[in-house]
Structures are given as C-alpha cells and as structure tokens.
Amino acid sequence: MSRIDELIKRYCPDGVEYVPLNEAFDLRNGFTPSKSNAGYWTNGEIPWFRMEDIREYGRNLSGSLQLVNMSALKGSGTFEENSIIMSTSATIGEHALITIPFLANQRFTIITRKPAFKDRLEPRFVFYFSFRLAQFCKENTHVSGFAGVDMDKFRKFAFAIPPLEVQREIVSILDTFTQLEAELEAELEARKRQLRHFSTQLLSFEPTFYAETVEQLCEVNRGRVMSKDYLRDNQGEFPVYSSQTLNNGIFGYINNYDYDFESLTWTTDGANAGSIFYHVDEKFSITNVCGLLKVRNLEQVSTKYLYLQLNHMAKKYVKAGMGNPKLMSNIMKSISIPLPERKIQDEIVQALESLEWITRDLSSGLPAEIAARRQQYEYYRDQLLTFNELTST
C-alpha cells in the first residue's frame, strides 16, 4: 500500500468533501487600469499579471513583467497572495499560483481562499486541483463574439477538500515530478546555449573582413499566391512552404512544384518572419510570404554556409513596424555576408554540423524523457486528484 493510500484509509476512508467553488473561494475579476492615465503606469510598485507572464515564467509566479502605480488601485485593493489566476475568456484555462499581493488583467478570474477555508486548503493543493478546474473551463465555454467560460457553472464547480495530511502528501509527490521536469528542461536549454555560443564564435568575423551582400551572392525570387482552396484542388506530394510556425513551415502539399535545386527560403512576414530554411534534393514551392535565394557561384560561397550565416543573423533585420513583423526582399538583399575562402567555409559548416550532432546526441534523450515525465506527471496528477465523494448520512 502506498503512503497516499495509507493516508486516505486513515483520514478519509468514506470519501472526501466537495464544495461549490464559490463557497470555498472569493471570486473576483481582474482589470486593466486606464491606459490614458500615464500616472497609473509610471513608478510601478504593484505586479500586474497578464497571459504573457505565464508564457514567460510558468505557473508559479512571484513577479510580473509589468508593474502599476499604487494610484491605480480600486477600493478593494490588491488581490491576496497565494491566490489562483484563471483565464476565463480568450485563452481559456491558463492559470497560475501567485505568491505575492498583486493585480491582474480582465482575462483572469482571481480565486482566493475564504477565511473559513484558509486552514483547510493548502495553497499548492489548490494550485494542483486547479488543473481540474482548468479542464472544466475548457469544456464549459460559450462563444458570443469572444470565447468565455459559463460563469454560472464555474461558480458551482465541485472543489475537493481532502484532509490536510492528504493534501500535503499529494503536493509533495507532484512537486517532485515538476522539479525533475524543470531540471531536465534546464539541462536541455544548457545544451542549446552551448551550441549557440560555438555558432556565434565560428560565424563571427571582424567588420573589416571581406564581405558581399546577399544580392551580390544570390538570385532573389518571391513566391506566388496560393490559397487553401488552390491547395485543396491541387493536392499532391510536393510541399509548399509559407509563414507557418508549425510543420517546419509547410503550408500544404500540391501536385506540382516550382523549384528543384539547392536553395534557401525565408519567411518575409508574420510571426515567423526571418526564419531560414535549407533545401537540397527537394522539389517544392513557396507562397508569396516567402522569398527564395539561389547562390550564383557555388565556388565562391557554399549554400549551407550561407544558410548558417543567415540563420545566425537574419532575425536581427526583421522590422516590427505597425503591422506584422517583416523581412522583405529589399532588406534581405542588403544583408552583408562575410566571405572566407570556400575551404574555410566548408570547415565551418563541418564543425558546426559536428557540434550540432554532438549536442543533439547528448540531448536527444532529453526531449523524449521530458515528454515521458510530463505524461507520467499528468497521469499521476489525475489519479491523485480523483477522490470518492463523501456522502452525507
């Protein structure tokens, strides 16, 4: 019998109490202080949480990317530390435990233990059980111009309150899982940093080193307009590259192709602007949000060397502007490429490919192990947070 089974048998053999969410917690909406009042946004002291904080720093937060001034406070003041922020509109179900007094924007509902339940609910147990609440939110949404959670059902969500001894053991087990995953992710990131460091060393040259522009080195072409309807009507085996951030930039597959030679393509605009792709022994096409580079003289510059250089530097030339980020042809043509002798280029390519292989070999097991650990964690989290409900006698 496991430790958790022993605790459940000892402290709650007949089941666990469940209460409606709004009985155990105060539920309040976040808000955004007026952007027209500059004083609210200068000399900030109070953390103001947005979705960007969760994306940047995870689900356990003790600081925010943005601070607001004390003058932005409403009469009810800050939200209490050890509260949960739960996204109940737009991106449904994203949530985090906040361990400091704070504010949050209107996308979040703030979930705070009522005084009568502070001695009955551990903050980190509430955090873990909120994964159940998050799934409930995703399954109980309505769309009327903007996706939102059915708040009547939200307030009635049944929240488990096992004995504190059981809560603490569950937290201990799940914290161990999350700590191990964090250590594996840190190791993977260290490997990636190592590769980036060596890449920078090998691809950097003095500003006075001989260089030519992309336009001098390459023929520059732009893709053609292809709609989803066109792809559907001309389905085939040849990939079409576009501004997609998934599937290695592939938009779809058609029954014809525009290019079949060694070349580079890049994404000209959108969130993926400045991404570089290397093509060899491939028949493919590109859409109008991509450009193509074909090296004029392969004895002067290696396509793979050019790929490494542009992959290293192209993002710096992306312009944010008022609309989508862009790296248009006129800017790409102007990028200056340092040109050592072709033999040196090949040595740089070989060295970086070897480093990438070594790094990938060293870390090849890490992504798979991280995925396995996450799957194991989610399985045990689901099992540990499933309780028989205590029935009244």
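The values are calculated or read from the model by the stated rules, or taken from the named source; none is laboratory data. Remember, predicted model here, so these are calculated numbers, not experimental data. Neighbour counts run over all protein chains shown; Cβ positions are idealised from the backbone, glycine included.
A few notes on this one:
- Any hit, the stretch 319-330, residues being in a helix (DSSP H, G or I) and either at pLDDT below 85 or of a type in the set (Gly, Ala, Ser) (or both): yes
- Residue count for the stretch 205-242 under the criterion of being polar (S, T, N, Q), more than 17 Å from Arg296 (Cβ to Cβ) and in contact with a helix residue (DSSP H, G or I) (Cβ under 9 Å, 6 or more places away or on another chain): the result is 1.
- Close contacts from the stretch 17-29, counting a first residue that is within 15 Å of Asp152 (Cβ to Cβ) and a second that is charged (D, E, K, R), with Cβ to Cβ under 6 Å and a gap of 6+ residues or different chains, come to Pro20/Lys156; Leu21/Arg155; Asn22/Arg155.
- Here the condition is being touching a Leu at 6+ places or on another chain (Cβ under 7 Å) and basic (Lys, Arg); of Arg296, Arg232, it holds for Arg296 alone.
- Residue check for Val149: over 30 Å from Ile348 (Cβ atoms), aliphatic (A, V, I, L, M), in the same structural domain as Ser329 (by TED's automatic domain parsing) and touching a residue at least 40 places away in the same chain (Cβ under 8 Å): no
- Residue, nearest to Tyr317 (Cα to Cα), within the stretch 233-268, restricted to residues that are in a helix (DSSP H, G or I) and under 30 Å from the mean Cα position of the chain (by Cα): Gly249
- Scope the stretch 259-286; condition of a type in the set (Asp, Glu) and loosely packed, with under 15 Cβ neighbours inside 10 Å; matching residues: Asp260, Asp281
- Scan the stretch 217-229 for residues that are in contact (Cβ under 8 Å) with a residue 12 or more places away in the chain and loosely packed, with under 15 Cβ neighbours inside 10 Å and the total you get is 5.
Yes/no per residue for (1) farther than 13 Å from Ser199 by Cβ; (2) small (Gly, Ala, Ser):
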| site | (1), (2) |
| --- | --- |
| Asn297 | yes, no |
| Ser302 | yes, yes |
| Leu306 | yes, no |
| Asn324 | yes, no |
| Lys333 | yes, no |
| Gln345 | yes, no |
| Glu353 | no, no |
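- Extreme residue, farthest from Lys326 (Cα to Cα), among residues of the stretch 244-282 that are in contact with a His (Cβ under 9 Å, 6 or more places away or on another chain) and of a type in the set (Phe, Trp, Tyr): Phe261
- One residue from Leu310, Leu293 being buried (at least 19 other Cβ atoms within 10 Å of the Cβ), part of a helix (DSSP H, G or I) and in contact (Cβ under 8 Å) with a residue 60 or more places away in the chain: Leu310
- Candidates in the stretch 180-196 are the residues that are under 11 Å from Ile370 (Cα atoms) and among the acidic types (Asp, Glu); of these, the one that is surrounded by the fewest Cβ atoms within 10 Å (Cβ to Cβ) is Glu183.
- The stretch 37-67, residues that are hydrophobic (A, V, I, L, M, F, W, C), outside any helix (DSSP H, G or I) and under 19 Å from Glu185 (Cβ atoms): Leu61
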